[in-house]
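Following: one structure in structure tokens, then a few remarks.
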Amino acid sequence: MSGVWIEAGVKVAVLMGLLLTGAAYLTWVERKVSGFIQARIGPNRVGPLGLLQPLADGLKGFFKEDITPKYAYRPLFLLAPALAFVPSLAVFAVIPFGDRLPILGRVISLRVADPNIGILFVFALASMQVYGVAFAGWSSNNKYALMGGLRASAQMISYELAMGFSVVGVLMITGSLRLSEIVFHQQGLFHWNLFIQPIGFVIFLVAGFAEANRLPFDLPEAETELVAGYHTEYSSMKFAMFPLSEYFHMMAISALTVILFFGGWQVPGLRAAGLAPLAVSILELAAMGLKMGFFLFLFIWVRWTLPRFRYDHLMTMGWKILLPLSLVNVFWSGIGILMGWF
Amino acid sequence: MEGYAAVLIFVIVGFAFAFGTFFISWVVHPHNPNPTKLSPYECGIEATTQPRDRYSIRYYLIAVLFVIFEVETIFLFPWAVKYQQLGLFGFVEMTVFIGILVVGYIYCWKKGALEWV
């Protein structure tokens, strides 16, 4: 029993380290890519190519004065950033990054946990995220924060529906909620769910952008009308938790898109090539990283390509287009499986 | 339940990280508040209205509709997992179930619950 706890502890520590570094450097990548798209240079002062910029930003966060406004409700004001941060982190507990890594005479499975309700757990945590945002907006006792919090909660719950329905098709084909089984079900390029469930994929990705509050759906923090939305009154490291959770959210959505629709860590034909098991594992991890990297890049790319939605358009799209479309997709998948097309 | 031990560790580590960060920041950051700094943010002027003003009824409507459809999602998940064993029976059953909800959905749409102006 203690061995299980130690192995889980080590995995959690490694993954935490990777995620925090990843999120920090994602800010650097985002600023560099933004710079490139806008014909600027981007961060280039701290370290070579500005590579130490995330570190400097983090340190600066610690040393900034942390202001709690006079009328704020203190317990929730303190709890809200943690509540936004923890669910976005805990999602990674069930995300499989690879199959098995045979190293040092042991076989390590490349996932922290693999519960049989994987995807349901992910959706449960995504719902928890709303609390952090809603509490942050309400407890600040500032009208911009409150409006931002309300908008964010309404947006997140609306798109969560479409997101939930969009994966039902994948679940029907796979017959399992376990994320690693969903990956194993997509062996070979043309068995990727992308080709079987194209509508589901598009809905999932669009809803993912809205769930992560990323442009073109960043209305909760629409600067021109709401100052900074639900985190208007936050400063120092309490503020830092919100962008951090947003970056975790982006990584989680990318990982889930890859797992649900792009065959996860699998590379078509790699297993048949007859390489050493260790080499296969490492290549598969790299493939997972590359596929995730593509979607992370897409997040940044879209940010500088599309203008922000109007709030009523956002709601119309969520409730009147994506929701019926995802229901039709479920119906269509049902017919397809009965007919034996998939 | 063994698989959930790691999830529990993750959640505990997450909270510890968040509150640890707040604590370290609280130790090292300067503390010199003044009344202006502590006032609610309002573009440089004094706030004239209460922040907790009345807000649009639509947020409640969205929340109520969300609960209905989210419960539907929860019903769909186990059905989707067992779909291939259920076959035509499962398909017809779920068509009836979703059909009832779709009638409700169309009613909401006609009543204007999904309009946002």
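The values are calculated or read from the model by the stated rules, or taken from the named source; none is laboratory data. Because the structure is predicted, anything quoted here is derived from the model rather than measured. Heads up, the Cβs are rebuilt from the backbone with ideal geometry, glycines too, and the neighbour counts pull from every protein chain shown. These area figures cover heavy atoms from the full protein model, side chains too; ligands, DNA and RNA do not enter into them. Shrake-Rupley method; radii C 1.70, N 1.55, O 1.52, S 1.80 Å.
Descriptive notes on the structure:
- Selection over the stretch A:205-239 of residues that are hydrophobic (A, V, I, L, M, F, W, C), at pLDDT 80 or above, touching a Phe, Trp or Tyr at 6+ places or on another chain (Cβ under 7 Å) and closer than 19 Å to A:Leu314 by Cβ gives a count of 4.
- Filtered residue count, the stretch A:79-105, keeping only those that are part of a loop (DSSP other than H, G, I, E, B) and either within 7 Å of chain B (Cβ to nearest Cβ) or hydrophobic (A, V, I, L, M, F, W, C) (or both): 4
- Which numbered condition A:Leu26 fails, given (1) touching a residue at least 60 places away in the same chain (Cβ under 8 Å); (2) more than 25 Å from A:Val14 (Cα to Cα); (3) of a type in the set (A, V, I, L, M): (2)
- Residue count for the stretch B:78-89 satisfying the condition of being at the interface with chain A (Cβ under 8 Å from one of its Cβ atoms) and surrounded by 19 or more Cβ atoms within 10 Å (Cβ to Cβ): 3.
Residues are listed down the side, and each one gets a yes or a no for (1) more than 14 Å from chain B (Cβ to nearest Cβ); (2) at negative phi; (3) among the hydrophobic types (A, V, I, L, M, F, W, C):
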| position | (1), (2), (3) |
| --- | --- |
| A:Leu256 | yes, yes, yes |
| A:Ser281 | yes, yes, no |
| A:Gly289 | yes, yes, no |
| A:Phe294 | yes, yes, yes |
| A:Trp304 | yes, yes, yes |
| A:Asp312 | no, yes, no |
| A:Leu323 | no, yes, yes |
| A:Asn329 | no, yes, no |
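- Within the stretch A:282-326, the residues that satisfy the criterion of being part of a helix (DSSP H, G or I) and of a type in the set (Ser, Thr, Tyr) are A:Tyr311, A:Thr316, A:Ser326.
- Candidate set from the stretch A:139-157 (those that are within 7 Å of chain B (Cβ to nearest Cβ) and open to solvent by less than 10 Å² (accessible area, probe 1.4 Å)); member that is nearest to B:Gly44 (Cα to Cα): A:Asn142
- Within the span defined as the stretch A:214-227, every residue fails to be at the interface with chain B (Cβ under 10 Å from one of its Cβ atoms) and crowded, with 24+ Cβ neighbours inside 10 Å.
- Pair list, Cβ < 9 Å and 6+ apart or interchain, from the stretch B:68-97 residues that are assigned to a helix (DSSP H, G or I) to residues that are surrounded by 14 or more Cβ atoms within 10 Å (Cβ to Cβ) and of a type in the set (S, T, N, Q): B:Glu70/A:Ser127; B:Ala80/A:Thr174; B:Ala80/A:Ser333; B:Val81/A:Thr174; B:Val81/A:Ser176; B:Tyr83/A:Ser333; B:Gly90/B:Gln84
- Residue satisfying all of: in the stretch A:52-78; surrounded by 19 or more Cβ atoms within 10 Å (Cβ to Cβ) and more than 8 Å from chain B (Cβ to nearest Cβ); farthest from A:Ser254 (Cα to Cα) among these: A:Ala72
- The stretch A:106-138, residues that are within 11 Å of another protein chain (Cβ to nearest Cβ) and among the aromatic types (Phe, Trp, Tyr): A:Phe121, A:Phe123, A:Trp138
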